[in-house]
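The values are calculated or read from the model by the stated rules, or taken from the named source; none is laboratory data. It should be emphasised that the depicted structure is a prediction, and the values quoted were computed from it without experimental measurement. Note that we place each Cβ from the backbone using ideal geometry, even for glycine, and neighbour counts take in every protein chain shown. Remember, those area values only see protein heavy atoms, side chains included, never the ligands or the DNA or RNA. Shrake-Rupley method; radii C 1.70, N 1.55, O 1.52, S 1.80 Å.
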Amino acid sequence: MSVTMNKESAPSSTAPAPITNSKGSQPSQFTIWAGRIVLGVIILGLWEFLSGRAFNQFWLSKPSLIIERIGKMAMNGDLWFHVSVTLYESITGLIIGMVGGILIGILVAYSGVFDKWVYPYIMAIYSLPRVSLAPLFIVWFGIGMTSKTMMVVAMVIFVAFYNAYEGIKNIDKDLMDMMDTYKAGRWHKLRWVVLPSITVWILTSLRLNIGMALIGSVIAELVGANRGLGYYITHSSGLLDTTGIFTGLVLIMLIAIILEQFVIQVEKRLLKYR
Amino acid sequence: MTASSPKLEIRDLQVKYNAKDDNSIALDQVNLTIENGEFVSVVGPSGCGKSTLLKVVSGLLQPAAGTVKLDGKPISGIPDEIGMVFQNDALLPWKTIVDNVRLPLEIKGMPRKEQLAEVDRLLEMVGLKGFEHYHPKQLSGGMRKRVALSRTFAYDPEIYLMDEPFGPLDAQTRVKIGEEFLELWERVGKSVLFITHDIEEAIALSDRVVVMSKRPGRIKAEFTIALPRPRPFYEIRFDPLFKEMQKEIWACMSEEG
């Protein structure tokens, strides 16, 4: 049940909730952020207002209770205790999965006929619901953080692979011809053309994968853990503590938004030339 | 390099396009010789295989039959001495102007300091001083073309292969860049194989203009342009000889229908 809830929380990372700093100096930026904040306030306001009036507060909790819970958790140390583990698993898995996926993508894209052999198999594995492997990962890698990190890797590696692969297939042929006529070697082609060309694709996959990484670590924690936001959510649902469940979800969302903002800053720097 | 062999020698060249359903012939029985320091233009209707010819000479495409020799040696792979100028400039959008121009020098392994000195000299020459740290997107079409030309000049090839390099420019810029290029080229005096569909441009630049037929592309006629050098790229168009060449080449091309 909480699995499907997690899935719903992931896409919302692309539409930041009203918490980010608005440094808009241009009117258009201002309009954007003002609109976002107003929308967020309306949604939270409705939730707060209707909870306990239109429906039982037990089902959906309410924002004030969630904020209160986060405050309490921050005070007694539970917040960092759970967030740090989930963050560690997600980021480590994200890095391993991104680097691995990109490397495999580059190698496969340049492997000639081997590319044609393996590509359908990679896509076949991609179509597997990797979530269902979570219990198996615990058998393989133990109950600790390794199994969660590996789950994250399994979630993110395909998107990283696919984007790097497609990026390479979409490199401007004229640029490669140009490099060839200057007799550029592999290293120069990689540094001057291939990597810069696929940077856009890699950053896109990184943004998509932030959500995937959090889903991966939380799902793995749901299956078996004694720390982390996923554990906190299952633990809360065991106690029928709705506020606890929603607090876990809100925290996951906040992490996603913060990480995404970080990627946006990197993007701004790397893609300045456009 | 022996003194007797021409810079570029193409004999009985045939090129096939390996499309899935038909093996159509792109070029057939092409014979062309370019002497050292000679400027040769190829004109012809679009789709006649002009660009294909250039790809074969640059080693990017394998011919089905015939030979291509540079300095008397048959080419295998991409030759060292060719400098390609692409229709769309083929600049690296993520690199600054300096980096774009120094690319061939970097590949050659020239020390960084010398690279920058050479780039400085070239950008000065094409009037792009002060734009070193711009990205290609920030420049106009004419300026980007100058960057692409500087890069090829930096490589300093023995033969320039130019694929409708001034094609995408507007008429005014086209004349201006053509004029600048002619001036720069007259200084280096290397061989050029120039592809264009613009007869006037071809005559104004070239020692010889080659007319190609429709597909499969063959060489239909050759015209020697006996106009004196250095030439004023624009004013030369009012020369009676120019007018006559223009008329003849035009007549030759329009026979194609």
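With each label modelled as a point 7 angstrom along the Cα→C-beta vector, the B:D80-A:T146 pair spans 5.4 nm. The length gained by stretching the chain between B:Y134 and B:N31 to full extension, at 0.36 nm per residue less their Cα-Cα distance, is 32.8 nm.
Taking the chain by itself as reference, segment A:170-190 contains these residues with an accessible-area loss of 30 Å² or more in the full protein complex (1.4 Å probe, heavy atoms): A:D174, A:L175, A:D177, A:M178, A:D180, A:T181, A:Y182, A:K183, A:H188. A simple spin-label model places pseudo-atoms 7 Å from Cα toward Cβ; at B:E248 and A:I95 they are separated by 7.2 nm. Chain A against chain B buries an accessible area of about 2200 Å², both chains summed, 1.4 Å probe radius.
Roughly how large, in nm² to one decimal, is the mean projection of the convex hull of the alpha-carbon atoms in segment B:1-120?
Values: hull surface 40.5 nm².
Average of the hull's projected areas for segment B:1-120 equals 10.1 nm².
When both bridge partners sit in the protein assembly as shown, DSSP labels roughly 50% of those beta bridges antiparallel.
In debye, nearest 20: dipole of segment A:127-274 around its Cα centre with unit charges on the Cβ of K, R (+) and D, E (-)?
Details: 14 positive and 9 negative charges, 96 e Å.
Computed about the Cα centre, the dipole is about 460 debye.
Computed with the Debye formula from one identical point scatterer per Cα of chain A, without solvent, the log10 of I(q)/I(0) at q = 0.07, 0.11, 0.14, 0.16 Å⁻¹ comes to -0.32, -0.74, -1.06, -1.24.
To put it simply, the accessible area of the protein assembly as shown at a 1.4 Å probe is 61 percent carbon and sulfur.
For segment B:61-119, applying the loop criterion from DSSP together with a ceiling of 16 other beta carbons within 10 Å to the trypsin sites (Lys or Arg not before Pro) yields no site. In this structure chain B gives 44 Å² per residue of accessible area when probed at 1.4 Å with all protein chains present.
GNM on chain A, alpha-carbon springs under 10 angstrom: the most fluctuating residue among A:P129, A:P63, A:P196 is A:P129. Under a straight-distance cross-link criterion of Cα-Cα below 19 Å, which aspartates and glutamates are reachable from A:K116, leaving out those fewer than 8 residues away in the same chain? Output for A:K116: A:E166. What the pair-distance distribution of segment A:88-246 shows, using all Cα-Cα distances binned every 5 Å from zero, is 2, 9, 15, 17, 15, 13, 9, 7, 5, 4, 2, 1, 0, 0 percent. Along chain A, the exposed loop sites are chymotrypsin sites (Phe, Trp or Tyr not before Pro) outside DSSP states H, G, I, E and B with at most 15 other Cβ atoms within 10 Å, and the longest stretch free of them is A:111-272.
Distances over 17 Å make up what percent of all Cα-Cα pairs in segment A:222-274? Write down the numbers at each step before the final one.
Numbers: 701 of 1378 pairs.
Distances greater than 17 Å cover 51 percent of the Cα pairs.
Of A:Q261, A:Q57, A:Q29, which is the most mobile in a GNM of chain A whose springs link Cα atoms less than 10 angstrom apart? It is A:Q29. By DSSP, the beta bridges lying fully in segment B:145-257 are antiparallel in about 50 percent of cases. Pairs of lysine residues in segment B:1-155 that meet both criteria, 8 or more places apart or on different chains and Cα atoms under 16 Å apart, total 9.
Here the gap between A:F262 and A:A74, fully extended at 0.36 nm per residue and compared with their Cα-Cα distance, gives a gain of 65.4 nm. Based on protein heavy atoms only, segment A:79-173 ends up with 51 Å² per residue of surface accessible to a 1.4 Å probe. With the Cα gyration tensor of the protein assembly as shown giving a ≥ b ≥ c as the square roots of its eigenvalues, does the rule (a/c under 1.5 for rounded; else a/b larger than b/c for prolate; else oblate) give rounded, prolate or oblate? Here the protein assembly as shown falls in the prolate category.
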